[in-house]
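This report refers to the structure that appears directly beneath it.
We did not get these values from a lab; they are worked out from the coordinates using the rules stated. It should be emphasised that the depicted structure is a prediction, and the values quoted were computed from it without experimental measurement. Cβ placement follows ideal geometry from the backbone for every residue including glycine, while neighbour counts extend to all protein chains displayed.
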């Protein structure tokens, strides 16, 4: 493995790690906005993160949303940024990558979902994009975590100097 290959591979790992943290928060935020007690008890628990973003957007459009009206537009803007960053992540994760010595770029090949389905697409990329995308995903994770703590967090132990914290109940609801 040469330096360029190592840098690209490390970058993909950084993107995956940052995206996973963001997805985790988005999953809990969707459950909270839908009024679900258990994050993994909701019907959409195994759906792609795009479905969780859609659920958040739909819940924010409802009059019964627990998010105050003035906060909805900024949260919707952050969700839109999450969607864009995660779509770019998908390119890096779901392509077969090879380095072209002539262009000094990476080329990702994947089958298109557009018509005609199965048509191959080539996507150019450069190694420096990966740490930048990872940083953006990390930034968005912080934004989503702040939203989650603000509206759905719980107070920590004040004697230990703990403030509010995000809570994601992962247990399955009891059978009734």
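Using the Cβ-Cβ distance between residue 165 and residue 113 with R0 set to 41 Å, the FRET efficiency works out to roughly 0.60. Taking a quarter of the surface of the convex hull around the Cα atoms of segment 1-40, what do you get in nm²? The directionally averaged projection comes out at 3.1 nm². Distance between the pseudo-spin-label points of residue 4 and residue 73 (7 Å out from Cα toward the beta carbon): 4.7 nm. Using only Cα coordinates, the Kirkwood hydrodynamic radius of segment 99-148 works out to 13.4 Å.
Subtracting the Cα-Cα distance from 0.36 nm times the residue separation, let me have the gained length for residue 122 to residue 99 in nm, one decimal. So the chain would gain 7.1 nm between residue 122 and residue 99. Counting only DSSP H runs of at least 4 residues, each contributing -39500 (n - 2.57), and dividing by the residue count of the chain, the helix-based mean residue ellipticity at 222 nm comes to -19000 deg cm²/dmol. The peptide list 46-57, 96-107, 16-27, 153-164, put in order of mean Cβ contacts within 10 Å with the highest first, becomes 16-27, 46-57, 96-107, 153-164. For the chain, take the longest principal axis of its alpha carbons; what is the angle in degrees between that and the long axis of helix 49-61, to the nearest 10 within 0 to 90? It is inclined by approximately 40 degrees.
Report, in degrees rounded to the nearest 10, the 0 to 90 angle that the Cα long axis of helix 69-94 makes with the longest principal axis of the chain. Relative to the chain, helix 69-94 is tipped by roughly 30 degrees.
Compute the long axis of helix 129-152 from its Cα atoms, compare it with the longest principal axis of the Cα atoms of the chain, and write down the angle in degrees, 0 to 90, nearest 10. The angle comes out at about 10 degrees. Rounded to 0.05, the FRET efficiency of the residue 157 and residue 50 pair, given R0 = 30 Å and the Cβ-Cβ distance, is 0.25. Ignoring solvent entirely, what values of log10 I(q)/I(0) come out of the Debye formula for segment 71-154 at 0.26 Å⁻¹ when each Cα is a single scatterer? Result of the Debye calculation: -1.21.
For the chain, the alpha carbon positions stretch 58, 44, 37 Å along the principal axes, listed from largest to smallest.
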